[in-house]
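Data first, discussion second: the structure below is written as structure tokens.
The values are calculated or read from the model by the stated rules, or taken from the named source; none is laboratory data. Keep in mind it's a predicted model, so treat the numbers as computed, not measured. Using ideal geometry, Cβ is built from the backbone for each residue, glycine included, and neighbour counts are taken over all protein chains shown. Only protein heavy atoms, including side chains, enter the accessible area calculation; ligands, DNA and RNA are left aside. Shrake-Rupley method; radii C 1.70, N 1.55, O 1.52, S 1.80 Å.
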Amino acid sequence: MRIVVVGGSGHIGTFLIPRLVRAGHEVVGISRGQRSSYADDPAWQQVRQVTADREAEDRAGTFGDRVAGLRPDVVVDLICFTLDSATALVERLRGETGHLLHCGSIWRVGASRRAPITEEDATPPFGEYGIAKAAIARMLKDETRSGGLVTTSVHPGHIVGPGWHPIGPLGNLDPAVWRKLSAGEPLDVPGIGAEFMHHVHADDVAQAFEAAIDHRDAAAGEDFSVVAPSALNVRGYAQIGASWFGQTAELRPVSWDEFRAGNDAEAAQASWEHLVRSHCFSIDKARTLLGYAPRYQPDEAVLESVRWLIEHDQLEVAGPLKV
């Protein structure tokens, strides 16, 4: 099949496109052309690359024509963030493309009320990003169930992999957290550290997209939470992370007001955004309908990312990894 991947040079596309090439598909990648993939793979030599500015072409109303002009059997859209953009692409591809797959987010679900969270037991989202992702998922499901374009939405957790910083034990990207853990220094934690975060390796997300393409009928009109087999809470994540450096995490519970006062405003807000949701998802639906079988536990995925960052001098730590 001819598969067009929009945003193929990003986290997921780095692993998805080589998978699709190895499976024998003809692959076309659409990106802004500003960066290469996060990992090298000889499969990229067989990929046709198309340069396009999605935002500008959406404003001009021409992006759907560009995608449809490539005559794809399948479109995988990894960089759609608004309902208007998603709707325009659906309307242009309806009747011309066999399957549209959309990359959503677990943030289409709000604060958890039970664990694990299933696709049918989601709380209302909050925040512009989560609300938009939820609206897109509903639109796609309605489109397919009304007899229109066949669609599937895949909702990854916090994506981890070599080449970029993972969401850390405090729910933010502050590299100082890793330095403190590697040194055995005290780490201020808002509350008691029981809140969950649900990570997923980028290759496991790619696996889910490939499985949804292969199982089109089972995936038609469905949405899937795609995460690691387990989730980490703050204190567990911190203890595991410290142990990689031969340390024991010393966690000091503080109030949110104290935490905000002692941290950069952006990092503190990111922590609140992640921890207030306290997400832990079920992958039973993806396992049953798609055969999804994630290779990485969350700590394994994060360790791979941290190791890469240290080896490439992109993360300052107090000592070497012991694992």
Legend entry - Residue list for the stretch 304-320, filter: part of a loop (DSSP other than H, G, I, E, B) and either over 28 Å from A206 (Cα atoms) or among the basic types (K, R) (or both): E316, V317, A318, G319, P320
Inset, instruction - Please indicate, with yes or no, whether at least one residue in the stretch 301-308 is closer than 15 Å to L170 by Cβ and either open to solvent by 70 Å² or more (accessible area, probe 1.4 Å) or among the polar types (S, T, N, Q) (or both). - result: no
Legend entry - Residue ID - surrounded by the most Cβ atoms within 10 Å (Cβ to Cβ), chosen from residues in the stretch 175-209 that are among the charged types (D, E, K, R) and out of contact with any strand residue (DSSP E or B) (no Cβ under 9 Å at 6 or more places or on another chain): D203
Inset, instruction - Could you please find all residues in the stretch 215-237 being within 21 Å of the chain's Cα centre (by Cα) and within 25 Å of V323 (Cβ to Cβ)? - result: V227, A228, P229, S230, A231, L232, N233, V234, Y237
Inset, instruction - Pick out the one residue from A242, A212 that is surrounded by 24 or more Cβ atoms within 10 Å (Cβ to Cβ) and more than 15 Å from the chain's Cα centre (by Cα). - result: A212
Inset, instruction - Return yes or no: is P166 closer than 16 Å to R277 by Cβ, in contact with a helix residue (DSSP H, G or I) (Cβ under 7 Å, 6 or more places away or on another chain), at pLDDT 95 or above and open to solvent by less than 10 Å² (accessible area, probe 1.4 Å)? - result: no
Inset, instruction - Report the residue count in the stretch 246-263 for those that are assigned to a helix (DSSP H, G or I), of a type in the set (A, V, I, L, M, F, W, C) and surrounded by 17 or more Cβ atoms within 10 Å (Cβ to Cβ). - result: 1
Inset, instruction - Specify the residue that is most open to solvent (accessible area, probe 1.4 Å); the eligible residues are those in the stretch 70-82 that are among the charged types (D, E, K, R) and out of contact with any helix residue (DSSP H, G or I) (no Cβ under 9 Å at 6 or more places or on another chain). - result: R71
Legend entry - Enumeration of residues in the stretch 264-297 that are open to solvent by less than 40 Å² (accessible area, probe 1.4 Å) and of a type in the set (V, I, T): I283
Inset, instruction - State which residue pairs qualify: first residue under 13 Å from A86 (Cα atoms) and inside the stretch 56-68, second residue buried (at least 17 other Cβ atoms within 10 Å of the Cβ) and among the basic types (K, R) in any location, beta carbons under 8 Å apart, and separation of 6 or more residues or different chains. - result: F63/R54; G64/R92; V67/R92
Inset, instruction - Please enumerate the residues belonging to the stretch 24-69 that are open to solvent by less than 70 Å² (accessible area, probe 1.4 Å), farther than 22 Å from L93 by Cβ and assigned to a loop (DSSP other than H, G, I, E, B). - result: G24, G33, S37, Y38, A39, D41
Legend entry - Hey, A68 among the hydrophobic types (A, V, I, L, M, F, W, C) and touching an Asp or Glu at 6+ places or on another chain (Cβ under 6 Å) or not: yes
Legend entry - Odd one out for A318 among (1) closer than 30 Å to L149 by Cβ; (2) open to solvent by 20 Å² or more (accessible area, probe 1.4 Å); (3) of a type in the set (A, V, I, L, M, F, W, C); (4) over 17 Å from the mean Cα position of the chain (by Cα): (1)
Inset, instruction - Give A293, A286, A267, A301 a once-over and let me know the one that is modelled with pLDDT of 95 or more, of a type in the set (A, V, I, L, M, F, W, C) and part of a loop (DSSP other than H, G, I, E, B). - result: A293
Legend entry - Selected residue [touching a helix residue (DSSP H, G or I) at 6+ places or on another chain (Cβ under 6 Å) and farther than 30 Å from G13 by Cβ] from F224, F209, F245: F245
